[in-house]
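What follows is a short report on a single structure.
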């Protein structure tokens, strides 16, 4: 129905038109739909933008009312809760300066500069929470006002809020901003783009989790601030479930389990560079073995290229313009070299060292390549964010006609590999051209269309991730969900027309003419270190028998059974079982307890009865007591 001069017509998510008075807001739209929705409304979605409820809606706009049932609603009240936390902090600790306070994936944080005589630890968090609850109960409305940048700078300068002044000055310099928005709740007013909910009482459950240090704007040369993390939910039940997941995550933390299970250690002598311990080295080898099975199955040939190469190579490849701040350099014999941050230029040199015919293609070159990136020490996190790591890299050189089949083969290999490791919830994204990209828009559009066609031909569901492609080409990213419901990005398949051009790579066609190959970058797991960290937490250190570094611990009941235990271990090792013997002179109860803490899939207890019968008493972590059996029967239980 066309709108008249006296009305504004918006469209609801199902396409239904809704007539409103001119100047109507999101709140008016919610009230027109029904009183229940008006009470539940938090914000209004206009197109793809979430706005305050009191923001006007325009004729012809597509709108949706945001409530607690929508993911945008949860993000909204977490942003609200961040402002309430800042309100409470400034009330309790006068003179505190506020910086930024965004909503994040599982909650929110705010960075503060506290007075010099104030030291905030986790012991102060309950007091801040109590003050927050008072402001929430008061149902203080979130009120927006817009100011010119000069007036806003003067306002915050008078308040001594230096960080806000800096933010506004940067907006003026970098974006030409003339006005900014401020939001007030109770006594607190902050520079904020919004949106916010109608009032503080919409926040039903809060919890402040932790305190950390954070440099202002992530710059290690700037002041260290105090960051307080928290979370908010629409119900105490949802909060309790979230806190339970946090406790489970702590119990599974790979940084704790790694040293405990003899997998790896982290040392200040080499920040971000893990030391792999005996069991961890075995685990890495088992993971590599699964990847190599995929390499063999799909016709890859393995190479190894240098860790250190001339600086000029990185100018040529384009990495200099995109990774120079993350690279390590060294000067040798009046030449400057770089530790490689990626493996692809080495693969290009290998391909370019020989002449190739169209009959050679596709040429699939794989490499377990060690790379090094100069990550800031403040962002390092166990195995999940490191400075030195190994990628299960491969680079496929092919013709354009071969792209679809090669991409399909890579996707199938990823599916098979993830299923083997116990990840059955996999999500796929197609990431498109970033702002900082090599090559023409036309090349990117063609490459994106080719990857899209390959995914469509598989009947595979995927989401578009705009602007997140690699600097040289679009990519398909694979995300897995672990046992705690957390999503991790692992494998990737990237289509590249740029590097073959920069390295002048070619192949000879059927008519003896020269052609440019296409380059596909692919990793099945990504970083081996990061994948191992994810795997430790997914299984909480209790790996399935085929993947466990030690598949069985043999526990002699007494010292007189030690010789028999060693003989059993020798027999099992001879047929490829990874086994150890508990050799300490402890009570059998303490030995069994130690074996439980070791998280081995099987425990083999041997005493007089077992020694006489030539058997072992088998205890499975999953299935409990399995009784006595000979070695051959026990081996049938192992998926090796």
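Go through the range 105-135 and give me each residue that's in a loop (DSSP other than H, G, I, E, B) and either in contact (Cβ under 8 Å) with a residue 40 or more places away in the chain or outside the structural domain of residue 95 (by TED's automatic domain parsing) (or both).
Initial filter on the range 105-135 (in a loop (DSSP other than H, G, I, E, B)): 105-106, 114-121.
106, 114, 120, 121, listed by residue number.
Name the residues in the range 597-640 that are part of a helix (DSSP H, G or I) and out of contact with any strand residue (DSSP E or B) (no Cβ under 8 Å at 6 or more places or on another chain), would you?
Taking the range 597-640 first, the residues part of a helix (DSSP H, G or I) are 597, 608-613, 631-635.
Result: 597, 608, 611, 612, 632, 633, 635.
Please find, within the range 29-63, the residue that is surrounded by the most Cβ atoms within 10 Å (Cβ to Cβ) out of those that are within 10 Å of residue 10 (Cβ to Cβ) and either assigned by TED's automatic domain parsing to the domain that holds residue 183 or touching a residue at least 24 places away in the same chain (Cβ under 8 Å) (or both). Outline the logic, then answer.
Kept after step one, since they are within 10 Å of residue 10 (Cβ to Cβ), are these residues of the range 29-63: 29, 32, 44, 46, 57-63.
Now narrow it down to the ones that are either assigned by TED's automatic domain parsing to the domain that holds residue 183 or touching a residue at least 24 places away in the same chain (Cβ under 8 Å) (or both): 29, 57-63.
Numbers: 29: 25, 57: 22, 58: 12, 59: 13, 60: 11, 61: 16, 62: 14, 63: 21.
Across the range 29-63, the extreme among qualifying residues is 29.
Give the residue that is farthest from the chain's Cα centre (by Cα), with candidates limited to residues of the range 277-314 that are in a strand (DSSP E or B) and surrounded by fewer than 17 Cβ atoms within 10 Å (Cβ to Cβ).
310
So, in the range 541-574, how many residues would count as being part of a helix (DSSP H, G or I) and either out of contact with any helix residue (DSSP H, G or I) (no Cβ under 7 Å at 6 or more places or on another chain) or assigned by TED's automatic domain parsing to the domain that holds residue 283 (or both)? Break it down into steps so the answer makes sense when it comes.
Initial filter on the range 541-574 (part of a helix (DSSP H, G or I)): 559-574.
Then keep just the ones that are either out of contact with any helix residue (DSSP H, G or I) (no Cβ under 7 Å at 6 or more places or on another chain) or assigned by TED's automatic domain parsing to the domain that holds residue 283 (or both); that gives 559-560, 562-563, 565-567, 569-570, 573-574.
Selection size over the range 541-574: 11.
Hey, among the residues in the range 415-429 that are in contact with a helix residue (DSSP H, G or I) (Cβ under 8 Å, 6 or more places away or on another chain) and outside any helix (DSSP H, G or I), which one's surrounded by the fewest Cβ atoms within 10 Å (Cβ to Cβ)?
First pass over the range 415-429, keeping only residues in contact with a helix residue (DSSP H, G or I) (Cβ under 8 Å, 6 or more places away or on another chain): 416-417, 420-424, 426, 428.
This time we only want the ones that are outside any helix (DSSP H, G or I), so: 421-424, 426, 428.
Values: 421: 20, 422: 15, 423: 21, 424: 10, 426: 17, 428: 19.
Here the residue is 424.
Are there any pairs with C-beta distances below 6 angstrom linking a residue in the range 461-479 that is at positive phi to a residue that is surrounded by 12 or more Cβ atoms within 10 Å (Cβ to Cβ) and in a loop (DSSP other than H, G, I, E, B), with the two at least 6 apart or on different chains, and if so which?
The qualifying pairs are 467/434.
Across the range 70-104, what is the total count of residues that are part of a helix (DSSP H, G or I) and exposed (fewer than 14 other Cβ atoms within 10 Å of the Cβ)? Talk me through it step by step, then tell me what you get.
Here is the first cut: in the range 70-104, the ones part of a helix (DSSP H, G or I) are 71-92.
Next cut, exposed (fewer than 14 other Cβ atoms within 10 Å of the Cβ) only: 71.
Result for the range 70-104: 1.
Would you call residue 221 assigned to a loop (DSSP other than H, G, I, E, B), assigned by TED's automatic domain parsing to the domain that holds residue 149, in contact with a strand residue (DSSP E or B) (Cβ under 9 Å, 6 or more places away or on another chain) and over 30 Å from residue 179 (Cβ atoms)? Give the derivation first.
Numbers: assigned to a loop (DSSP other than H, G, I, E, B): yes; assigned by TED's automatic domain parsing to the domain that holds residue 149: yes; in contact with a strand residue (DSSP E or B) (Cβ under 9 Å, 6 or more places away or on another chain): yes; over 30 Å from residue 179 (Cβ atoms): yes.
Against the criterion (assigned to a loop (DSSP other than H, G, I, E, B), assigned by TED's automatic domain parsing to the domain that holds residue 149, in contact with a strand residue (DSSP E or B) (Cβ under 9 Å, 6 or more places away or on another chain) and over 30 Å from residue 179 (Cβ atoms)), residue 221 qualifies.
Just need a number here: residues in the range 178-215 that are surrounded by fewer than 18 Cβ atoms within 10 Å (Cβ to Cβ) and assigned to a helix (DSSP H, G or I).
1
Restricting to the range 430-449, and then to whatever is out of contact with any helix residue (DSSP H, G or I) (no Cβ under 6 Å at 6 or more places or on another chain) and in a loop (DSSP other than H, G, I, E, B), can you tell me which residue is nearest to residue 460 (Cα to Cα)?
434
Being crowded, with 18+ Cβ neighbours inside 10 Å and closer than 14 Å to residue 565 by Cα is the filter; apply it to the range 584-606 and report the residue that is modelled with the lowest pLDDT.
591
Say whether the condition of being over 21 Å from residue 195 (Cβ atoms), surrounded by fewer than 19 Cβ atoms within 10 Å (Cβ to Cβ), modelled with pLDDT of 95 or more and in contact with a helix residue (DSSP H, G or I) (Cβ under 9 Å, 6 or more places away or on another chain) is met by at least one residue in the range 137-149.
yes
Taking residue 520, is it under 24 Å from residue 294 (Cβ atoms), assigned to a strand (DSSP E or B) and at pLDDT 95 or above? Steps first, please.
Working: under 24 Å from residue 294 (Cβ atoms): yes; assigned to a strand (DSSP E or B): yes; at pLDDT 95 or above: yes.
Considered against the rule, which asks whether it is under 24 Å from residue 294 (Cβ atoms), assigned to a strand (DSSP E or B) and at pLDDT 95 or above, residue 520 comes out as yes.
The values are calculated or read from the model by the stated rules, or taken from the named source; none is laboratory data. Everything numeric in this text was worked out from a predicted model, so none of it was measured. Methodologically, a virtual Cβ is constructed for each residue, glycine included, from the backbone with ideal geometry; neighbour enumeration extends over all protein chains shown.
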